[in-house]
Every structure is written in structure tokens, then in C-alpha cells.
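Visitor: Dumping the structure here so I can ask a few things about it.
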Amino acid sequence: ALYRAKAEGRGRYSFYDPGLDETLQQRRALTHELRAAIAAGALALHFQPLYDADGRTLRGYEALVRWPHPARGLVPPAEFIALAEETGMIDELGRWVLNQACAEAATWPAPLGVAVNLSAAQFRDTAGLLRDVDRALATSGLAPQRLELEITESLLMGNTEQALRALNSLHARGVRIA
């Protein structure tokens, strides 16, 4: 009931009902299953084409992570990415996506690149994020100019100075920021 009241906003209250317990149990199970899926590499990347402004010139692909759950079917990204952010698994998930996307893009002909979305939560540990990007590029052999990291405006709402330092450091490496 406490979590439901918090989710509904300030000044709210909620009463316990058996459905809340069931929801909590499902969330715990999904958290455990997501942790296992990340560890086992049981996620999948899909690649959406990206075109230049002319609409005809292919410039690369955006990496989109998907979770084909063996029992639940395809779990919506909004559901499992939010769960990863809330439970602290976003760094591990982001690292997996970055490594897989760079490895795949390295097999494409130059100058095709790959765009990878970053969560604002990944910027809590900027040193770790920079290490992850460096490692993914080095391991895959992908040129930094062929990697584009997509961020949302909400990133700059939190720790602006730290985020800007990290973005400038990534840009100095040759990585594109969108």
C-alpha cells in the first residue's frame, strides 16, 4: 500500500488489499527473471534503420533491446527498462546492449553506425559508463565515430555538471551524442 501511495504522488494514501501482494510477488519474480536474462544474454537486439534527412541515404541503425521471455512472451521495453532502472540493473543491462550493439556494428561496412540509448540512471556512475564505452569500442574494434549515444533531456535535469563532463569526455573520444 505504501508503494502504491508513493507511485500516485504526494499527499496520497492507500489501503492494503490482496491484489497488492500479488502485484508485488509478480514484480519480484520479474526482477529475478530479468537479472537471470541479463546474465544469460537472453535478451535480443533489434536494429531499426536510420536515414539521413533526405530519407534515402542509410546512415546506420538504432539498437533496440527486446526481452523475449520464455513464458510471458515479449516483455515491453517500457516495463523491463523501468524495472532495471528501479532495481539498479540498468548499468548491467546498458553494458550488455552497448557491447552487443558495438560488436554487431563492427561487422557492417563503414561508415554505417549504431545508435544506442542511454538511461539517465547510467550517468550516476560516469566513470563506469566511460569505462563501459571504452571497453565496448576496444573489444569490438568499432571506430568511435560510428557510435552514437542517445540521451534524453531529463539527464541534464539531475546532476548537470557531472553529466556535461561525461558527455564532453565521450565527445572528445569521437563518440557522437544525440
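Visitor: Go through (1) hydroxyl-bearing (Ser, Thr, Tyr); (2) in contact with a helix residue (DSSP H, G or I) (Cβ under 6 Å, 6 or more places away or on another chain); (3) at pLDDT 95 or above one by one and return the number of the condition Thr139 breaks.
Guide: So Thr139 meets the others, but not (2).
Visitor: Is one or more of the residues making up the range 51-68 modelled with pLDDT of 95 or more and more than 29 Å from Ala143 (Cα to Cα)?
Guide: So far as the range 51-68 goes, yes, one or more of its residues are modelled with pLDDT of 95 or more and more than 29 Å from Ala143 (Cα to Cα).
Residues checked against (1) part of a strand (DSSP E or B); (2) over 13 Å from Leu34 (Cα atoms); (3) touching a strand residue (DSSP E or B) at 6+ places or on another chain (Cβ under 6 Å):
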residue	(1), (2), (3)
Leu64	yes, yes, yes
Ala71	no, no, no
Glu79	no, no, no
Arg95	no, yes, no
Asn99	no, yes, no
Trp108	no, yes, no
Ala115	yes, yes, yes
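Visitor: Still on this structure: Identify the residue in the range 157-175 that is under 17 Å from the mean Cα position of the chain (by Cα) and small (Gly, Ala, Ser) and, among all such residues, is surrounded by the most Cβ atoms within 10 Å (Cβ to Cβ).
Guide: The selected residue is Ala166.
Visitor: Pick from Ser154, Ser119: which is within 23 Å of Met89 (Cα to Cα), open to solvent by less than 20 Å² (accessible area, probe 1.4 Å), within 16 Å of the chain's Cα centre (by Cα) and of a type in the set (Ser, Thr, Tyr)?
Guide: Exactly one residue qualifies, and that residue is Ser119.
Visitor: Scan the range 17-41 for residues that are open to solvent by less than 60 Å² (accessible area, probe 1.4 Å) and at pLDDT 85 or above and jot them down.
Guide: So the first thing to find is which residues in the range 17-41 are open to solvent by less than 60 Å² (accessible area, probe 1.4 Å), and the list is 17, 19-20, 24, 29-31, 33-34, 36-38, 41.
The answer is Ala29, Leu30, Thr31, Glu33, Leu34, Ala36, Ala37, Ile38, Gly41.
The values are calculated or read from the model by the stated rules, or taken from the named source; none is laboratory data. Since the model is a prediction, treat every value here as computed from it, not as a measurement. Neighbour counts run over all protein chains shown; Cβ positions are idealised from the backbone, glycine included. To get the accessible areas, we keep the full protein, side chains included, count just its heavy atoms, and leave off ligands, DNA and RNA. Shrake-Rupley method; radii C 1.70, N 1.55, O 1.52, S 1.80 Å.
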